[in-house]
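Bear in mind these aren't lab numbers, they're just calculated from the coordinates by the rules spelled out. Keep in mind that what you see is a predicted model, and the values were worked out from it rather than measured. So basically every Cβ, Gly included, is an ideal-geometry build from the backbone, and we count neighbours across all protein chains shown.
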Amino acid sequence: MHDKDYYKSIGFRCGLEIHQRLSTEHKLFCECSTDSSGDRVIGSVERRQRAVVGELGAMDRSTSFESSRNRSFVYNIFKRSSCLVDVDEEPPHHVNMHAVEAALRFASAFNAKIPDEIEPMRKEVVDGSDPSAFQRSMMVAYDGTLEIGKRGIPITSIFLEEESSGIVSTKDDTVTYNIDRIGIPLIEIDTDPSISSPQEAKEAALKIGLLLRLTGKKEGDTAVSEVQRGIGTIRQDVNVSIAGGTRVEIKGLQEIDSVDLFIENEIERQLRLIDIKKRLIERHAQVDGKSIDLTEILKHHDGKIVRDALSKGGVVLGARLKGFSGFLGMEINPDRRLGSEVSDYAKMAGVRGIIHSDEDLGKYELSEDTVMQIRQALGANSDDAFILIAADRQSCSKAMAHAIDRARMAMAEVPPETRAVADAKKGNTRFMRPLPGGSRMYPETDSEPIEITSQFYEAVKKGTVYMQERIRKLEKELNNPQIAEQMASSTKLMLYEYITGRVKGVNLVVAATLLEKVRELERSGISAELDRDTFVNIFKRYSEGEITKAAIGEIIKYSPKSASDVERIVKSNELERISGAKLKDMVARARKNGADAMREIMSKHRLNVDGEELRGLIGDKK
Amino acid sequence: MYSKELQEVFSRLGIKVGDTILIRSDSDLQQGILMPRTEAGGSDIIVIKRKDGYNIGIKYSNSIKVEKVSESTSHNFSFPKKESRPNPSLGKMAMIYTGGTIGSKVDYVSGGVYMLTKPEELLHDVPELDQIANIEINELMSVASEDMSYHAWIKMAEATAKALNNGAKGVVITHGTDTMHYTSAALSFMLKDLNAPVVMTGSQRSSDRGSSDAFMNLICSAQMAMKSDVAEVGICMHGSSSDNTNIFIRGTKARKMHTSRRDAFKPINNLPICSVDQKGKITYLSDYRKVSEGHKQKVSAQIGYEPKVALVKAYPNSDPEIIEYYLSKGYKGLIIEGTGLGHVPSQTEKKEYSWLSNVKKATDSGMIIGATSQCLYGRVSGTVYRNLRLLEDAGAIHCEDMLPEVAYVKLGFLLGNYGKEKARDMLNKDIAGEITHRTEFDFPTE
């Protein structure tokens, strides 16, 4: 970890894109359920896609790149959670106004500006993750602020868009996706790149997540959260650049805890690449772009990769990278070398990877003799590196072209890329595709613009409960900043608000029960999914002195189904509170027998006696 | 469309769609490219495209100031191109554009729809075509298929005949999908002595989306036109929702059976003639008329057509007066889309709902009336029930397993070329594959 000045000194810039799924009942542009639990696949379709020219004529570099990969996509279709709209066989239905309202609520929470009319757009995606080859997306707000302590980080834009589909598998040239989650409304919050350190990025991500969870729709005295919770429902993309480097986007971080690690590693990667560039130039390195067919030299070779390719009629191509010796093997991130980057590019043509001369070539069963022959054929001396690719001719030459491109970039720049998580533990990433530009946007001509009148927006704001109010209220009524903070970020917050809205003066007990007791029960496998009114009943009994604090957890353990069920459980398990005169008698009796009254009574009636009351009584008698 | 007031503001400031503008208000400042408004009705909301690619709408009012920042750089809109080089080893293919979603693209700056009229524009989008044929494009018309009339059919028949007589090995006609099956029927009847594949195709998803079916439909259709030996008119579109194979359906047996799916076109009362994939693999599935080698006769377009022909539907409570109406308007033929085996309401409780006397009156005065079924699948009959016989006695002709739309097109064709007597005779006789004499049991293939 470095201090803030360090990041300033390297020209660190960082911005966040937080994607959070909304919990509306229906998808954004159709009436399919957003909850696919228990749903089943009823069939699949296979599609191909190609890049088309964006609205302003230019073909976006990321889309033309994807479409140069000749792949087919299989979409698994679900019974309840997908329909013809999701599989691009029916025009979109009307926009889900609940999702629009939720988006406006968040926009107001960030104090952002709202356009008078929201224009649904198509964002071209050709990685196949959407059967329509675009994602519907709309800008709902811009120019907001995220307050972190005293600092305000500008929120440049807030989007409402469709979730993409989930990848199931990639095999050869076929990618399979599940389309159950496609079209679920997603809110995207983008900060500007002024985040000043990896730690601040993590802090900002946490704060945005909290704000999304705590801003809710007013319903009686509580607020209904409009975001989904659980694995995969919130994702962080981070944009990182340093001086001399470039903007790189790391996509789909799910663990907020490792956001800073990924950023630190990306800084390191760019620093190393800048260093490599400098040293390559010093060495007069060169990439002439020629590749040579080495099939003849390797036709009797025994190594698996080469043999696999040749047995299917494929070829081996090689290329010399002049002056590159030693650089391909240079580590630029934990377990990632420049060679891994070159290999990632080659893989986009559908090959399994590359072999390069900075590797231990013995593991490919390439003898010194064979390596000599290869070097000779390529005209590569000991200062030079070489790369080999084995596959069918078409993929092979495509892959080689990509690989050579990447090698050439090593002498010129840190390439602007979208990168994906390679290893979540190590915090390293791999190349996914070139960074998209703005020309992949065009209007969604199938759906109407959404006019947001000021009356409508005011009504939405009026119906909103904001994070600050909720946290302030918690801090006040719990009078314990630590528990208040825990409660604020807990999934049980709504339940807490419901109960404390109906039973007065028990806030701390309710919070402690929900945060500790209920979680403890859930961890030991006991379902504490009680009806919220049953919870109210239990806490009412407590507040009226019918049961003790200790008995609350005990009752919950029996999972009562209703208020009368609570009554039954209390009776049959003798959980009624013993207090007042009855407790006094007990103390007197215990004393008479010469026992330690406190211990004697608590050991027998732990669940029935309030420790404080007992202590009071014993103290009285002293 | 922008409101009149806004249009005036723009013109006063010399602002055109595509220009970069600045919009100032008390609390906001937005810069972007002025976008067209595609919605009908005047709007006072200005749509601009921001630098990040998103469009937003800002309401125009007196408190807002609009300024022009810079001129559009792309006033002369053109599509990207790929050079086409004639390949002597490939045959000649004619591609006739008639309009519709396929073959046209939207210029999002001006909002205009343009057709890809040059081979090099089409090849940029579908470079695979270069490997299949040397393509000559004929930009015949640009009409949405729902707006077409029989004049369009005649133009297409003439253009097709001309292309084939000029040495094209096959013809691909791109067409809007809504009424493509009417056109395919018309061309099936009109093209006499046809000795080459005439392949109609369209798309259900516009070609400005990466998932468009246009690309595969064009490739498969070109393969069909150049590699098959089918001497018929047919429709070549997706065989399923997947981008695997297309099917080629006889022009007189095809029908659009879905509003939006890729595989909307189905053969009715028939199998597809064949399936075809993008690599040109053709699998024949039923009998068809073959290209004959020794055939010397030139193809001709039989372009007579009688437009005073109508298609009416019989249904519960339907008013038979409709026949009276057409009679009074001088109509010469009528196809009834009847219920079941070809029924119309006949012995109704209330006499005014029975069609029989109106049918009889019309046929007596010389109108030709054909009976088909709204079931679409299956054959009509003139004998099974008493009501069917009554209808025949009234002078109606039951049209076997011919589709209502096909019977409708055929009747206009017959009246336009052969006169009343012959037309009456030919209506229920097969001339272009529209009637099959035996219906094979078909098992679901999916």
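Miscellaneous remarks
- FRET efficiency estimate (nearest 0.05) - Cβ-Cβ, B:H258 to A:T445, R0 30 angstrom: 0.90
- This ranking places B:C375, B:C236 by how few other beta-carbon atoms lie within 10 Å of each, fewest first, which gives B:C375, B:C236.
- Neighbour cut-off at most 15 other Cβ (10 Å), DSSP loop, chymotrypsin sites (Phe, Trp or Tyr not before Pro), the stretch A:414-475: none
- When the Cα positions of B:I46, B:V66, B:I33 are compared along the charge dipole of the stretch B:4-70, B:I33 comes out farthest toward the positive end, with charges on each C-beta of Lys, Arg, Asp and Glu.
- Assigned charges on the beta-carbon of Lys, Arg, Asp, Glu; chain B dipole about Cα centre (debye): 480 debye
- Residue by residue, the stretch B:276-284 carries 3J(HN,Hα) couplings of 9, 10, 5, 7, x, 7, 10, 10, 7 Hz when phi is fed to the Karplus relation 6.51 cos²θ - 1.76 cosθ + 1.60 (θ = phi - 60°); x denotes Gly or Pro.
- Chain A - mean residue ellipticity at 222 nm from DSSP helices (-39,500 (n - 2.57) per run, n ≥ 4, rounded to 500): -11000 deg cm²/dmol
- Using the Cβ-Cβ distance between A:T170 and A:H94 with R0 set to 51 Å, the FRET efficiency from 1/(1 + (r/R0)^6) comes to roughly 0.90.
- Label-to-label distance, nm, for residues given as B:K351 and A:K113 (7 Å Cα→Cβ offset): 7.7 nm
- Sparse-neighbour loop sites [trypsin sites (Lys or Arg not before Pro); the stretch B:352-441; at most 16 other C-beta within 10 Å; DSSP]: B:K429, B:R438
- Annotation: amide H of B:R255 within the under-5 Å range of B:K266, B:I268, sequence separation 5 or more or interchain, hydrogens built in the peptide plane.
- Net charge contributed by nearby residues that have their C-beta within less than 10 Å of B:G14 (K/R +1, D/E -1): +1
- Within 10 Å of each Cβ in A:78-91, the average number of Cβ atoms from other chains: 3
- Neighbour net charge for B:L194 - beta-carbon separation under 11 angstrom, K R +1, D E -1: +1
- Shape call, the stretch B:309-426: gyration tensor on alpha carbons, a/c limit 1.5: oblate
- Ascending count of other beta-carbon atoms within 10 Å, so fewest first, for A:E162, A:E46: A:E46, A:E162
- Neighbouring partner chain Cβ atoms per residue of B:27-35, average, 10 Å criterion: 2
- In a simple Cβ point-charge model (Lys, Arg +1; Asp, Glu -1; nothing else charged), chain A has a dipole of about 1900 debye relative to its Cα centre.
- Backbone HN-Hα couplings from phi across the stretch A:295-301 [Karplus 6.51/-1.76/1.60, Hz, Gly and Pro as x]: 3, 4, 5, 9, 5, 9, 6
- Gyration tensor verdict on chain B (Cα atoms; rounded if a/c is under 1.5, prolate if a/b is larger than b/c, oblate otherwise): oblate
- Modelled FRET efficiency - R0 30 Å, B:R12 with B:D147, Cβ distances, 0.05 increments: 0.25
- Over the stretch B:309-426, Cα pairs under 8 Å with separation of 6+ residues give a relative contact order of 27 percent.
- Of all DSSP beta bridges in the protein assembly as shown, antiparallel share, percent nearest 5: 75 percent
- When the Cα positions of A:V41, A:F110, B:H437 are compared along the charge dipole of the protein assembly as shown, A:V41 comes out farthest toward the positive end, with charges on each C-beta of Lys, Arg, Asp and Glu.
- Phi to ³J(HN,Hα) by Karplus 6.51 cos²θ - 1.76 cosθ + 1.60 over the stretch A:24-37, Hz, x for Gly, Pro: 4, 5, 10, 6, 5, 10, 7, 9, 5, 5, 8, 10, 9, 4
- Sorting B:W153, B:W355 from the fewest to the most surrounding beta carbons within 10 angstrom yields B:W153, B:W355.
- Only lysines eight or more places from B:K81 in sequence, or on another chain, were considered; those with a Cα closer than 24 Å are A:K123, A:K398, B:K92, B:K105, B:K118, B:K279.
- Size of charge dipole - the stretch A:499-599 - debye, nearest 20, with Cβ of Lys, Arg +1 and Asp, Glu -1, no other charges: 420 debye
- Charge dipole of chain A about the Cα centre (unit charges at C-beta), most positive-ward option of A:L607, A:G362, A:G594: A:G594
- Judged by the gyration tensor of its Cα atoms, with axes a ≥ b ≥ c, the stretch B:4-70 is rounded; a/c sits under the 1.5 cut.
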